[in-house]
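This report concerns only the one structure given below.
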Amino acid sequence: MINQIKKNIKDFLDNKYEGINLIVEEPKDKKMGDLSVPVFPIVKTLKRPLNDVVNEVKELLQNNFKVIKEISNVGGFINLKLNKEDLAFNIIKEVLDKDSHYGESKMGENKLTALDYSSPNIAKSFSIGHLRSTIIGNSLKLINQKCGYKTYAINYLGDWGTQFGKMIVAYNLWADKEKVKEDPINELTKLYVKFHEEAKNKPELEDEAREAFRKCELKDPEYLKLWEYIKDESLKESEQIYKLLKVDFDSYKGEAFYNDKMDPVVDELMAKKLAYLDDGALIVNLGDDMPPALIKRKDGGSLYMTRDLAALLYRKKVLNFDKILYVVGNEQKLHFEQLKKIIELMGYDFKDEVYHVGFGLYLVNGKKMSTRQGGVTKLYDVLEKAINLALEQINLKNPNLANKEDVATKVGVAAVLFNDLKNHRELNIEFDLNSCVKFEGQTGPYLQYSSVRIASILKNQELDLNNLDETVYDNDDYFDIIKQLSNFTNTIEKACLDNAPSYIAKYLLNLAQSFNKLYSLYKLNVSDDKVRNANFALIKAIRIVINEGLRLLGIDYLNEM
Ligand code: ARG
């Protein structure tokens, strides 16, 4: 709102005083007014007396902006007081009317965002990186939808590649088939770990693995059957997590899907004279800024890059996206730079529609937390632990709550999700389960709790918007919150442009803090009907925005906790 008014005033002045770039700012000292316009640039450029200019601008603004209540000046600074009651009420009314639709934007109208996220590797455990990709990707999908984009969510399963050959070799050499049937993922993970241990002393195992994968690529029926089995079992593990986080996808086309789509791409690279043979392997040179990309191995085996290249071209053709987001850890930065470079060299014009949305690591006491090899912290267990901690708190604070288990699940999930999304994604995150489940501090449960607090104030209360004292809002503690509410759409759009859900997370923390401060400073449930209605209208609007903001992060709000 303020931003819009600022912009309107600036546009108006820019139009009147062409070529002079005036600024409209919010003065630090609130006593000066809500907005301030320094007119020195006019004085300087047009070489006119200050007083003249001040009077002229004052008059122009006064006559053209109804929203200005008072206008004054200190030297060359023109200070404006706005008609805050009106403004405030309009914002609140807009939030209440639009309800969960508040904050929507038309930025992405008629456009499609494709997202490649989660993308776990079958035959390996779902890793922390995959969890981050799932959480960030899902939030970006919701944010894009809120901005009017159509979305297409792809789970690009890592279901192809030499790691799969390793799995086959290990399975054939050491698997106790019965045990694998009983507890597939754990047993398969053990086999995979064993492969790496054994291969340290027997490097020939690596060759066998490559050979096994080659056979898959050549569609050996027995190997393909085993592939199918391992893939299905791995997906079951991932799906447990998707169900808990309420994440879904439009497509599960993984790397294997592109098995028969790579040859044409390789041919195209050859025809365009981009790929050349180097010691039996096929290589694309990418100039001085980047190491060359390996497209085909000496033994003819395909590579991660080749599959990604085939997938990107296929997706562009079939989906015709306006942008595609690859939500993948920072460690693959170079990979995606190379991918973009290759399509550019091939003569395609859409490299700027391709975004690598990178992210950092989870740290525990400053060290990388890992699910791989040895100290397997199974992610599902981590989530369950969060849920149990949430339940403990509920048992302490509200032991008679109905549906305790359901609430605890939502709180536990919120804790893990918010702990991730509140940080800019590129940063590494310190992971401390106990502190992220707390109902106070910068946590997901704190936001849920703030929303519940409002719900309990409003429970069984009437709200009459026609009988409301707007002057209540002409007070900075109130008005600042209303300004925040009016910035919701803006914040979402920025989050969408920068692929940064953290903007929304931070926004929500500020909003909840403002509400809690208001609640500690003022009695909201007062006997004066008009004042009470004004208070209730505001906090109801706050709750709508908190709940909707949480939804955009993939987090459920609660009515009680
Ligand atoms: N499966 C890959 C991994 O775990 C991530 C795939 C990301 N998406 C892509 N199109 N490369 O490292």
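With one equal scatterer per alpha carbon and no solvent term, the Debye-computed log10 I(q)/I(0) for the chain at 0.05, 0.07, 0.09, 0.13 1/Å reads -0.30, -0.55, -0.82, -1.29.
Restricting attention to segment 316-372, the count of lysine pairs at 8 or more positions apart or across chains with alpha carbons under 21 Å apart stands at 16. Our coupling estimate for segment 106-111, obtained by passing each phi through the Karplus curve with A = 6.51, B = -1.76, C = 1.60 and θ = phi - 60°, is 9, 3, x, 3, 6, 10 Hz, Gly and Pro reported as x. Considering only protein heavy atoms and a probe of 1.4 Å, how much of the accessible area of segment 346-456 is carbon and sulfur, as a whole percent? Carbon and sulfur together cover 46 percent of it.
Would you mind getting me the FRET efficiency between residue 109 and residue 424? Use the beta-carbon distance for r and R0 = 25 Å, nearest 0.05. With a Förster radius of 25 Å, E is 0.35. Summing +1 for each Lys or Arg and -1 for each Asp or Glu, what net charge is found among the other residues whose Cβ lies under 12 Å from the Cβ of residue 79? Within the 12 Å Cβ shell, the charges total 0.
At a probe radius of 1.4 angstrom, the accessible area of segment 1-151 per residue rounds to 47 square angstrom.
Can you give the FRET efficiency to the nearest 0.05 for residue 7 and residue 31, using r as the Cβ-Cβ distance and R₀ = 22 Å? Computed FRET efficiency for residue 7 and residue 31 comes out at 0.35. The residues packed around residue 390, meaning those with a beta-carbon under 12 Å from its beta-carbon, carry a net charge of +1 if Lys and Arg are +1 and Asp and Glu are -1. The angle between the Cα long axis of helix 204-217 and the main principal axis of the chain comes to about 80°, on a 0 to 90 degree scale. The fraction of accessible area contributed by carbon and sulfur in segment 18-116 is 49 percent, rounded to a whole number (1.4 Å probe; ligands and nucleic acids excluded). Only bridges whose two residues both fall in the chain count here: according to DSSP, what percent of them are antiparallel, nearest 5? Once the DSSP bridges in the chain are tallied, antiparallel ones form about 55 percent. Karplus-derived 3J(HN,Hα) values for segment 83-95, using 6.51 cos²θ - 1.76 cosθ + 1.60 with θ = phi - 60°, are 6, 5, 4, 4, 3, 4, 4, 4, 5, 4, 5, 4, 4 Hz; glycine and proline are entered as x. Report residue 543's accessible area, 1.4 Å probe, all protein chains in place, as a number in Å² to the nearest 10. Residue 543 exposes around 40 Å² with every protein chain in place. Between residue 285 and residue 18, the FRET efficiency estimated from the beta carbon spacing at R0 = 35 angstrom works out to 0.10. Would you mind checking the tilt of helix 262-271 against the longest principal axis of the Cα atoms of the chain, expressed as 0 to 90 degrees and rounded to 10? Tilt relative to the chain: about 90 degrees. To the nearest ten degrees, helix 488-497 and the longest principal axis of the Cα atoms of the chain are 30 degrees apart.
Cross-link reach is defined here as a Cα-Cα straight distance under 23 Å, omitting same-chain residues fewer than 8 places apart; for residue 66 the lysines meeting it are 6, 7, 10, 16, 30, 31, 58, 81, 84, 93, 483.
The values are calculated or read from the model by the stated rules, or taken from the named source; none is laboratory data. Remember, predicted model here, so these are calculated numbers, not experimental data. Positions of Cβ are backbone-derived with ideal geometry, glycine not excepted, and every protein chain shown enters the neighbour counts. The protein model used for the area step is the full one, side chains on, heavy atoms only, and it has no ligands, DNA or RNA in it. Shrake-Rupley method; radii C 1.70, N 1.55, O 1.52, S 1.80 Å.
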